[in-house]
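Engineer: Sharing a structure, written as structure tokens. Questions coming.
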Amino acid sequence: MTTMKPGSRGADKPTDKPGAKPAPKLVKKGLGEVDDRFGTAGFLKRNLNKVFPDHWSFMLGEIALYSFVILLLSGTFLTFFFRPGTNEVIYQGNYTPLRGLHMTEAFASTLRISFDVRGGLIIRQIHHWAALIFMAAIVAHCCRIFFTGAFRKPRETNWLIGVGLVSLGLLEGFAGYSLPDDLLSGTGLRIAYGIVEAIPVVGTYLGSFVFGGQFPGPDFIPRLFTIHILLVPAILLSLITAHMLIMWHQKHTQWPGEHRTNNNVVGAPFYPAFMAKTGGFFFATFAVTAAISGLVQVNPVWLYGPYNPMQVGAGSQPDFYIGWLEGSLRMMPNLETHVDGHTISWNVLIPAVVLPGILFTAMAMYPFIEAWVTRDYAAHNICDRPRNRPGRTALGVAVLTELGVLLLAGGNDVLSEKYDISLYATTRIFQLAFFVLPPLAFMATRRICLGLQRRDVHSAEHGYETGRIVMLANGEFIEVESALPEDVVARMGLEYRQGPPPPLEPAVDEHGVRSRLRHSAIEKVRGKLGDYLYEQDAEPPPNGHGGHANGHALDGSDHEQPKLTTGSDD
Amino acid sequence: MSDHVPTESGGSLDLPDADVGSPVRPPIIERVIRPQDADPKRADRAERWIALMFLASAAGTVAFVVFYLAIPSLHTIGQVHASNVLLGCSLAVSLGGLGAGMIAWVRWLMPAHESVQERHELAASDDDLETAAQVIMAGLEETGLARRSLLKRSLGLAMGLFALPAVLLLRDLGPLPRKSLDTTLWKKGSLLLNAETGEPVKLGDLEIGSFTTVLPLKVDDPLMNEEELSKAPVLLIRLEPGLNKPAPGREGWDFEGHVAYSKICTHVGCPIGLYQKQSHKLLCPCHQSTFDVPRACKVVFGPAARALPQLPISVNSNGEFVATAGFDQPVGPSFFERS
């Protein structure tokens, strides 16, 4: 332990860093006071200098984070006025068309926020829009992570937390828009109860316990309120904190480029540039949310009216992040099994329970499945360009296509009306698309990725066509090709491409022992999956980059160069 | 790509073009010189633009306060609308000015150099790993859990039982479902009351091809709580005479072309709101399950698996519609206990 006179740490001492300006006494004294108590100087030195890589796609997660902050701020304001009650009141507020109507306290207080509290409507609008932006940003961020392979070791934990955040975000959003107890949200809850009832064995018990009895249950809105403003946000906040701390500790991934390796980070220091930019970006996100909320109406519950179990609005649509489940419910054929006095409702169970279950489980498992299939257990800090991993990219696009089909199917009544197609025809089309489009998307994406890869390899090796035509001494005309700049080639990340699979271990090794693995069924599955993730016909990575341009073109020996496009179907 | 020598933080890197800027900052790998870095006049102009954005933000904030105070209380829908647009837009200017100004400040005036930093190896040395594993094992040894099986088992029992109260406390979240899903308020002799007016529906009230929603009790009846109201709605439909084809065993459940079916969809429980007069089909607006009314409301399209339950009806001496019995099956979505 060192003992020091108060204020001694602010004393002038020549800096031991030549070329660095000594910091003012006051700053040193202030920092010293804090450091004496918390030992923060080392932490600050390290973390203020932390380098953050920069790319627009790294901003998607920031949008999600900042929308969450906006949700906390606007949501807190709303709780000051919202009453999560199911007691019946007669509306006497400012909105004349509904005056004198019987409604629950929850709906009446939502109307009060919208029409009687100054600025209440704008905060409600901001809250709802921010929720939509939050979910959209999470999905976009998740796609960025998936398509760039940023979920690979060492970041699997953060991927799992991310999957948790997506599912909790869905729940939180659904709980939120169900609270006002308007006709639309009541219909949504009725459907949710119907789905819970369809779960075999425990369904009716689960429904009764969650809702406090039969639908709608007098306890349900207050319970949903606690879930929406306390339980789920607390979990979300803790998970987001963990997500950020892990990201900070592991350091961000970066795109390939000059000077960038798997072992370094290239970008701007956290302080001040990154800090100011991300702070500015919070305000920018908030500004866009406020502008949309001021100009575009969202969830006008006063037009829907209070919930009434005898009524339903035509063209009822959930928020977009629930829409895919609505679509899957709509397009599912009406299968039901009756066994020994019991009913299993496949028509509800499969689209609303099994399908999301499979999706989220598959998402959570994906990093481990991919590592197992590709036998790649190394740590990766360089983002994959989607084209450089055609199998993974194609899989992602196929899943997105499937979700897109489901989402559109959720609005089939609107599409049917708008485009004058028979309602039943739209359902049939979506049922067909559900099975046909994802494989097509898979194949097309894979081909496109391989094509883009080939073009990259070609232009890295040959350079680009300058458009300059030169006549050679022998009278031959050639177009001069010029080498691409080094950094352009480096950004292609050609050395990080998915290669062909490693050779299988021989059926009989050098000691004459037969391989156990060769015939195991699970290894066959692994090999088959590998056929999709690996590129059997991919080019080998080039030796160095950009070296071949011009030289061979000018001496006319083009054909003698090592053939670079050796694909079987080339 | 050149070789990197891992260095202590703040040290320089063995890069051909590494450029040690400030010795206390991460080494700069690529200097970016923009026009404003070379020309102070341009930098000053950038500063003025940024200041303008901050001033716009301040003006937006003032505008927000003015708009808030200028509309002291909201009376008409027009005022609410105007208030929403003005508050939203002024807030957007206030926040947007700050955001744009800060981002422009970073991008235009702060150095744009690319810095580089080594990633620290996340994994510890094998020695450290070995030591950590040994510490864990040594501690486990100290607890004696491995040797003392009585301790281990009794602790396991105590901890395991501890979960019970937590689960048990959730028991009163709701009643057991029992038969609540099987029953409705409809019983023999229930009048078919118009859901809007609460008056009994009489023979002749409905035109051919029209329908109405009916309830067994008035909406404000004490027995008619929200739970019952969610199961009770029935559609009374008047078909053209002779059109109805009663299902076997349901002869006499209709009365002079009038039929009554539960309004609650057998898919996931939405109220069925759409009746297609020409084709005599009921369509659930939620998931488009379609029921053929003259053929016992069988499902002809959509995800619902069961026909709508039928309510047998007749007319009493006053010419009012009455139920001749309750429903013979549960209404609404299927559930596991349902046969």
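The values are calculated or read from the model by the stated rules, or taken from the named source; none is laboratory data. Just so you know, these numbers come straight off a predicted model, no measurement behind them. Counting neighbours? That spans all protein chains shown, and the Cβs are built from the backbone with ideal geometry, glycine included. Calculation scope for accessible area: heavy atoms of the full protein, side chains included, ligands and nucleic acids excluded. Shrake-Rupley method; radii C 1.70, N 1.55, O 1.52, S 1.80 Å.
Engineer: Test residue A:363 against the criterion of being within 8 Å of another protein chain (Cβ to nearest Cβ) and aliphatic (A, V, I, L, M), and give yes or no.
Structural biologist: Here the answer is no, as residue A:363 does not meet what is asked.
For every residue, the table says whether it meets (1) modelled with pLDDT under 90; (2) open to solvent by 70 Å² or more (accessible area, probe 1.4 Å); (3) in a loop (DSSP other than H, G, I, E, B).
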| site | (1), (2), (3) |
| --- | --- |
| B:1 | yes, yes, yes |
| B:4 | yes, no, yes |
| B:7 | yes, no, yes |
| B:14 | yes, yes, yes |
| B:22 | yes, no, yes |
| B:29 | yes, no, no |
| B:32 | yes, no, yes |
| B:41 | no, yes, no |
| B:44 | no, yes, no |
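Engineer: What are the residues in the range A:82-114 that are part of a loop (DSSP other than H, G, I, E, B), of a type in the set (Gly, Ala, Ser) and in contact with a helix residue (DSSP H, G or I) (Cβ under 8 Å, 6 or more places away or on another chain), if any?
Structural biologist: Once the filter is applied, which keeps residues that are part of a loop (DSSP other than H, G, I, E, B), of a type in the set (Gly, Ala, Ser) and in contact with a helix residue (DSSP H, G or I) (Cβ under 8 Å, 6 or more places away or on another chain), the range A:82-114 yields A:85, A:93.
Engineer: Among the residues that make up the range B:137-150, is at least one of them more than 8 Å from chain A (Cβ to nearest Cβ), without any contact (Cβ under 8 Å) to a residue 40 or more places away in the chain, part of a loop (DSSP other than H, G, I, E, B) and aliphatic (A, V, I, L, M)?
Structural biologist: Taking every residue of the range B:137-150 in turn, at least one turns out to be more than 8 Å from chain A (Cβ to nearest Cβ), without any contact (Cβ under 8 Å) to a residue 40 or more places away in the chain, part of a loop (DSSP other than H, G, I, E, B) and aliphatic (A, V, I, L, M).
Engineer: In this structure, does residue A:455 turn out to be closer than 30 Å to residue A:399 by Cα and open to solvent by 40 Å² or more (accessible area, probe 1.4 Å)?
Structural biologist: The answer is yes for residue A:455.
Engineer: In the range B:260-276, what residues are part of a loop (DSSP other than H, G, I, E, B) and open to solvent by 10 Å² or more (accessible area, probe 1.4 Å)?
Structural biologist: Hits for the range B:260-276 are B:263, B:273.
Engineer: When the residues of the range A:253-286 are filtered to those that are more than 7 Å from chain B (Cβ to nearest Cβ) and open to solvent by less than 30 Å² (accessible area, probe 1.4 Å), which remaining residue is farthest from residue A:379 (Cα to Cα)?
Structural biologist: A:285
Engineer: Give all pairs with beta carbons closer than 8 Å in which a residue from the range A:270-285 that is in contact (Cβ under 8 Å) with a residue 24 or more places away in the chain and within 24 Å of residue A:74 (Cβ to Cβ) meets a residue that is assigned to a helix (DSSP H, G or I) and of a type in the set (S, T, N, Q); count only pairs at least 6 apart in sequence or on separate chains.
Structural biologist: Correct list of pairs: A:285/A:67.
Engineer: Next question, about the same structure. So, restricting to helices (runs of 4 or more DSSP H) that lie completely within the range A:312-408, which ones have at least 1 residues that are at pLDDT 95 or above and under 23 Å from residue A:144 (Cβ atoms)?
Structural biologist: Answer list for the range A:312-408: A:320-331, A:355-374.
Engineer: Sticking with this structure for a sec: Quick one: which residue in A:161, A:126 is part of a helix (DSSP H, G or I) and open to solvent by 20 Å² or more (accessible area, probe 1.4 Å)?
Structural biologist: Unique residue meeting the criteria: A:161.
Engineer: While we're here: When the residues of the range A:195-206 are filtered to those that are more than 7 Å from chain B (Cβ to nearest Cβ) and assigned to a helix (DSSP H, G or I), which remaining residue is nearest to the chain's Cα centre (by Cα)?
Structural biologist: A:196
Engineer: Between residues in the range A:376-387 that are more than 12 Å from every other protein chain (Cβ to nearest Cβ) and residues that are surrounded by fewer than 22 Cβ atoms within 10 Å (Cβ to Cβ) and hydroxyl-bearing (Ser, Thr, Tyr), which pairs lie under 8 Å by C-beta distance while being six or more apart or on different chains?
Structural biologist: A:384/A:496; A:385/A:496
Residue-by-condition table, conditions (1) over 30 Å from residue A:87 (Cα atoms); (2) exposed (fewer than 13 other Cβ atoms within 10 Å of the Cβ):
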residue: B:193; (1), (2): no, no
residue: B:203; (1), (2): yes, no
residue: B:206; (1), (2): yes, no
residue: B:214; (1), (2): no, no
residue: B:228; (1), (2): no, no
residue: B:236; (1), (2): yes, no
residue: B:244; (1), (2): yes, no
residue: B:248; (1), (2): yes, yes
residue: B:252; (1), (2): yes, yes
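Engineer: For residue A:192, state whether it is of a type in the set (A, V, I, L, M, F, W, C) and more than 7 Å from chain B (Cβ to nearest Cβ).
Structural biologist: Judged against the criteria, residue A:192 is a match.
Engineer: Does the range B:201-259 hold any residues that are assigned to a strand (DSSP E or B) and among the charged types (D, E, K, R), and which are they?
Structural biologist: Once the filter is applied, which keeps residues that are assigned to a strand (DSSP E or B) and among the charged types (D, E, K, R), the range B:201-259 yields B:202, B:238.
Engineer: Just to verify a result, which residue in the range A:292-348, among those that are within 10 Å of chain B (Cβ to nearest Cβ) and among the aromatic types (Phe, Trp, Tyr), is most open to solvent (accessible area, probe 1.4 Å)?
Structural biologist: A:346
Engineer: Quick check on the range B:235-254. Is at least one of its residues under 22 Å from residue A:311 (Cα atoms) and under 31 Å from the mean Cα position of the chain (by Cα)?
Structural biologist: Taking every residue of the range B:235-254 in turn, at least one turns out to be under 22 Å from residue A:311 (Cα atoms) and under 31 Å from the mean Cα position of the chain (by Cα).
Engineer: Now for a different question. List every residue pair whose Cβ atoms lie under 9 Å apart, where the two residues are 6 or more positions apart in sequence or sit on different chains, the first residue falls within the range B:109-136 and is within 7 Å of chain A (Cβ to nearest Cβ) and of a type in the set (Lys, Arg), and the second residue, located anywhere, is surrounded by 11 or more Cβ atoms within 10 Å (Cβ to Cβ) and assigned to a strand (DSSP E or B).
Structural biologist: Filtered contacts from the range B:109-136: B:119/A:264; B:119/A:265.
Per-residue answers, yes or no, for (1) crowded, with 23+ Cβ neighbours inside 10 Å; (2) under 34 Å from the mean Cα position of the chain (by Cα); (3) more than 17 Å from residue A:312 (Cα to Cα):
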residue: B:257; (1), (2), (3): no, no, yes
residue: B:278; (1), (2), (3): no, no, yes
residue: B:285; (1), (2), (3): no, yes, no
residue: B:289; (1), (2), (3): yes, yes, no
residue: B:312; (1), (2), (3): no, no, yes
residue: B:324; (1), (2), (3): no, no, yes
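Engineer: Scan (1) more than 13 Å from chain A (Cβ to nearest Cβ); (2) at negative phi; (3) part of a loop (DSSP other than H, G, I, E, B) for the single condition residue B:286 breaks and write down its number.
Structural biologist: (1)
Engineer: Can you tell me which residues in the range A:46-100 are hydroxyl-bearing (Ser, Thr, Tyr) and either open to solvent by less than 30 Å² (accessible area, probe 1.4 Å) or within 14 Å of chain B (Cβ to nearest Cβ) (or both)?
Structural biologist: Result: A:57, A:66, A:67, A:74, A:86, A:91, A:95, A:96.
Engineer: Keeping to the range A:142-156, report how many residues are more than 12 Å from the chain's Cα centre (by Cα) and either part of a loop (DSSP other than H, G, I, E, B) or under 18 Å from residue A:493 (Cα atoms) (or both).
Structural biologist: 5
Engineer: OK, next. Take the residues in the range B:72-88 that are crowded, with 17+ Cβ neighbours inside 10 Å and of a type in the set (Gly, Ala, Ser); name whichever of them is nearest to the chain's Cα centre (by Cα).
Structural biologist: Once the filter is applied, the top-ranked residue is B:88.
Engineer: Here is a list: B:69, B:91. Which entry is under 41 Å from the mean Cα position of the chain (by Cα) and within 8 Å of another protein chain (Cβ to nearest Cβ)?
Structural biologist: When all the criteria are applied, what remains is B:91.
Engineer: Within the set of pairs 6+ apart or on separate chains, which have a first residue in the range A:181-202 that is within 16 Å of residue B:227 (Cα to Cα), a second that is assigned to a strand (DSSP E or B) and open to solvent by less than 10 Å² (accessible area, probe 1.4 Å), and C-beta atoms under 8 Å apart?
Structural biologist: From residues that are within 16 Å of residue B:227 (Cα to Cα), the pairs are A:181/A:103.
Engineer: So how many residues does the range B:282-315 have that are farther than 13 Å from residue B:236 by Cα and free of Cβ contacts under 8 Å to residues at least 40 places away in the same chain?
Structural biologist: Total satisfying the criteria: 18.
Engineer: Does residue A:217 fit the bill of being open to solvent by less than 10 Å² (accessible area, probe 1.4 Å), in a loop (DSSP other than H, G, I, E, B) and at the interface with another protein chain (Cβ under 10 Å from one of its Cβ atoms)?
Structural biologist: Answer is yes for this residue.
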